[in-house]
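The values are calculated or read from the model by the stated rules, or taken from the named source; none is laboratory data. Bear in mind that the values here come from a model prediction, so they are computed numbers and not experimental data. Because the Cβ atoms are built from the backbone with ideal geometry, glycine has one as well, and the counts that use them run over all protein chains shown. Ligands, DNA and RNA are excluded from the accessible area calculation, which covers all protein heavy atoms including side chains. Shrake-Rupley method; radii C 1.70, N 1.55, O 1.52, S 1.80 Å.
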Amino acid sequence: MATVKLIEPENAKGKVKEIFDDISKTRGGDKVNNIWKALANDPDLLDATWNRIKKVMAPGALDSVTKELIYVAVSMTNSCEYCTKSHTAAAKKKGATEDMIKEMIDVMGIANQNNKLVEAYGVEVDEIYK
């Protein structure tokens, strides 16, 4: 259950309605997800977050599947079930396979494990990496 009341698209007004319309248009007519409905309680935060995600997730040096898989890995590490599920679905929609997702989880898992070991042992950065 959300901490705040979700603003449904049919109840959106002004700036929130404009952003909801842009979300739907940008995503090819997809429905407005719950994260945006929650953020709509703060129209300025909704606007800033939507514009930032559009920019960061747009085509660039990294392909869209790689960006989604990175988002999933960070979401898993941060224990955000909502983001993990929504961005896994987005990655699959953009072409990620089950094998790609499994391999990403393997990489994420070993990176998290080794990060903790390095910190626990207090390992200093090698001179060649400085």
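The table below gives the values:
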{"item": "Test for Ile101: is it among the β-branched types (Val, Ile, Thr), surrounded by 12 or more Cβ atoms within 10 Å (Cβ to Cβ) and part of a helix (DSSP H, G or I)", "result": "yes"}
{"item": "Residue within region 58-78 that is modelled with pLDDT of 95 or more, over 20 Å from Val4 (Cβ atoms), hydroxyl-bearing (Ser, Thr, Tyr) and open to solvent by less than 40 Å² (accessible area, probe 1.4 Å) present", "result": "yes"}
{"item": "Top-ranked residue of region 69-98 - restricted to ones that are polar (S, T, N, Q) and part of a helix (DSSP H, G or I), ranked as farthest from the chain's Cα centre (by Cα)", "result": "Thr77"}
{"item": "Region 4-33 residues that are over 18 Å from Asp44 (Cβ atoms), paired with ones that are at pLDDT 95 or above and part of a loop (DSSP other than H, G, I, E, B) (beta carbon under 7 Å, 6 or more apart)", "result": "Pro9/Val32; Ser24/Val32"}
{"item": "Residue satisfying condition, being open to solvent by less than 80 Å² (accessible area, probe 1.4 Å) and either at pLDDT below 95 or not in a helix (DSSP H, G or I) (or both), within set Gly109, Gly29", "result": "Gly29"}
{"item": "Only one of Asn51, Asn34 that is open to solvent by 50 Å² or more (accessible area, probe 1.4 Å), farther than 29 Å from Val107 by Cβ and over 11 Å from the mean Cα position of the chain (by Cα)", "result": "Asn51"}
{"item": "Single residue of region 1-26 satisfying the filter (over 15 Å from Lys54 (Cα atoms) and modelled with pLDDT under 95) that is surrounded by the fewest Cβ atoms within 10 Å (Cβ to Cβ)", "result": "Met1"}
